[in-house]
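Just below is one structure, and these are the notes that go with it.
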Amino acid sequence: MYTQAMDLPNPDGSPQLASVDLEAREAAFNDRAGRGEIVEARDWMPEGYRKTLVRQISQHAHSEIVGMLPEGNWVTRAPSLKRKTILLAKIQDEGGHGLYLYAAAETLGVSRDELLNALHTGKAKYSSIFNYPTLSWADIGVIGWLVDGAAIMNQVPLCRCSYGPYARAMVRICKEESFHQRQGFDLLLTMAKGTDAQRAMVQDAVNRWWWPVLMMFGPHDKDSQNSELSMKWGIKRITNDELRQQFVDATIPQGELLGVTFPDPELRYNEARGHYDFGPIDWTEFWNVVNGHGPLNRERLAARVAAWDEGAWVREAALAHAAKQAARERAAA
Ligand code: 3HC
């Protein structure tokens, strides 16, 4: 899957490239990135490519970390030890995904502190979906089934992203996401085979999460300010709308297996298209949530800032230990 890393010469500290050289270099870069060549951290890359990767990878990492909060709300209330351990494992995975992705972003010359500061000050985004409340145990199943299901749809193509460190991080993340989606569906299947009250709980959760999940794929392609460049540079391999359609087509039959309906009167299979037609997304709600006015935006950010502040002593202790260790090694050398 991986071809020879692009061998564009590294910047060797020689004088600033003349604009004509830069143009030629960018044209060569665009040509080869779009053809599926892999760019490595040490390769030359246009500043715009680097910037959009920092933007997308760091916001992806923020999403993983903030995404731990909605599910964390149910660890102490899981209905059995088995469900509690599964949920703990999933939440732990999400934290790990965030760390892989921060590490991938750091290969682009940004520090983790800078990235986290952008999150804590509200400058950086994270996925809108994590600003919604988890009101019942069925929400935990729906998050696994639908949110992680949508994440897999969007993340598998990123395993073929032109930026090597991001693509490789995604290979491992996608393997774990599959477990996340499966455990969510399994949880809902158990409830669907349970009492009427449990079935009603599942349906209520699907009704509340369905549309925010479709928003996870981002604005329509015509309104997506980053897609054109991301597609040209091989960062994005499939567009927002195509991935959303793939997700709907794959999910509706699963919902039928669970015995749930979807809160969309326009949802129906279109034989001529070979896809499900679905109704319009409420983009006012989407941009409201993206711009910080969703149900729980303030609480999510406050929780992250509090965790950062309360964890300062751990960072200081680790740094002090590392400094002491380094001093010992220097003295022994
Ligand atoms: N929530 C918040 N912001 C969103 C968004 C969403 N659901 N969808 C789009 N946006 C933002 C974009 O970040 C962009 O703003 P910016 O330029 O300030 O960053 C703006 O809306 C326009 O959207 P574009 O389509 O032009 O932006 P992209 O080309 O970056 O596409 C994306 C958006 C499809 C989310 C893309 O960034 C992407 O694929 N990111 C990597 C995957 C990811 O982050 N998934 C989020 C969920 S992670 C997750 O679910 C974890 C799982 O374990 C549960």
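The values are calculated or read from the model by the stated rules, or taken from the named source; none is laboratory data. None of these values were measured; they are calculated from a predicted model. Counting neighbours? That spans all protein chains shown, and the Cβs are built from the backbone with ideal geometry, glycine included. For the accessible areas, the whole protein counts, side chains as well, though only heavy atoms, and no ligand, DNA or RNA atoms are used. Shrake-Rupley method; radii C 1.70, N 1.55, O 1.52, S 1.80 Å.
Here is how the numbers come out for the structure above:
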{"item": "Relative contact order for the chain, counting Cα pairs under 8 Å that sit 6 or more residues apart, in percent", "result": "18"}
{"item": "Dipole of the chain, positive direction: furthest Cα of Gly184, Met231, Leu214, with charges on the beta-carbon", "result": "Gly184"}
{"item": "Vicinal HN-Hα couplings computed from phi for the range 317-322 (Karplus, 6.51 cos²θ - 1.76 cosθ + 1.60; Hz; Gly/Pro x)", "result": "5, 5, 5, 5, 4, 5"}
{"item": "Net length gained if the chain between Arg112 and Arg168 were fully extended (0.36 nm per residue, minus Cα distance)", "result": "18.3 nm"}
{"item": "Note, ³J(HN,Hα) from phi for the range 190-204, Karplus 6.51, -1.76, 1.60, rounded to Hz, x at Gly and Pro", "result": "4, 5, 5, 8, x, 8, 4, 5, 5, 5, 5, 5, 5, 4, 4"}
{"item": "Label-point gap, in nm, between Ser80 and Ala250 - each point 7 angstrom along Cα→Cβ", "result": "2.7"}
{"item": "Highest-MSF residue in the chain out of Ala138, Ala318, Ala103 [GNM, Cα springs under 10 Å]", "result": "Ala318"}
{"item": "The range 253-330: trypsin sites (Lys or Arg not before Pro) in DSSP loop, at most 16 other beta carbons within 10 Å", "result": "Arg273"}
{"item": "Amide H partners (placed H, <5 Å) of Tyr276, local residues excluded", "result": "Asp249, Asn270"}
{"item": "Whole-number D in µm² s⁻¹ for the chain, Kirkwood Cα-pair radius fed into Stokes-Einstein, 10 °C, 1.306 mPa s", "result": "73"}
{"item": "The range 115-180, relative contact order in percent, only Cα pairs under 8 angstrom and at least six apart counted", "result": "26"}
{"item": "Cα centroid separation, the range 106-153 to the range 27-49 (Å)", "result": "27"}
{"item": "Summed residue charge, Cβ within 12 Å of Pro157's Cβ, Lys/Arg positive, Asp/Glu negative", "result": "+2"}
{"item": "Using alpha-carbon coordinates, inclination of helix 81-106 to the longest axis of the chain, degrees", "result": "30"}
{"item": "Calculated from backbone phi, Karplus (6.51, -1.76, 1.60) coupling profile of the range 160-172 in Hz, x at Gly/Pro", "result": "10, 5, 6, 9, x, x, 6, 4, 5, 4, 5, 4, 5"}
{"item": "Charged-residue dipole, Cβ positions (Lys, Arg, Asp, Glu), the chain about Cα centre, Debye nearest 20", "result": "900"}
{"item": "Mean accessible surface per residue for the chain, computed with a 1.4 Å probe while every protein chain stays in place, in Å²", "result": "50"}
{"item": "Förster radius 25 Å - calculated FRET efficiency between Leu99 and Arg328, Cβ distance, rounded to 0.05", "result": "0.40"}
{"item": "Sparse-neighbour loop sites [trypsin sites (Lys or Arg not before Pro); the range 150-240; at most 11 other C-beta within 10 Å; DSSP]", "result": "Lys193"}
{"item": "Within a Gaussian network of the chain (alpha carbon springs, distance under 10 Å), most fluctuating of Val213, Val305, Val66", "result": "Val305"}
{"item": "Percent carbon-and-sulfur accessible area, the chain, ignoring ligands, DNA and RNA, probe 1.4 Å", "result": "58"}
{"item": "The range 197-333, relative contact order [Cα under 8 Å, separation at least 6], %", "result": "19"}
{"item": "Proximal lysine pairs, the chain, alpha carbons under 17 Å, eight or more residues apart or interchain", "result": "8"}
{"item": "Segment Asp309-Lys123, length gained on full extension (0.36 nm per residue, minus Cα span)", "result": "65.2 nm"}
{"item": "Computed [θ] at 222 nm, deg cm²/dmol, the chain (DSSP H ≥ 4; -39,500 (n - 2.57); rounded to nearest 500)", "result": "-20000 deg cm²/dmol"}
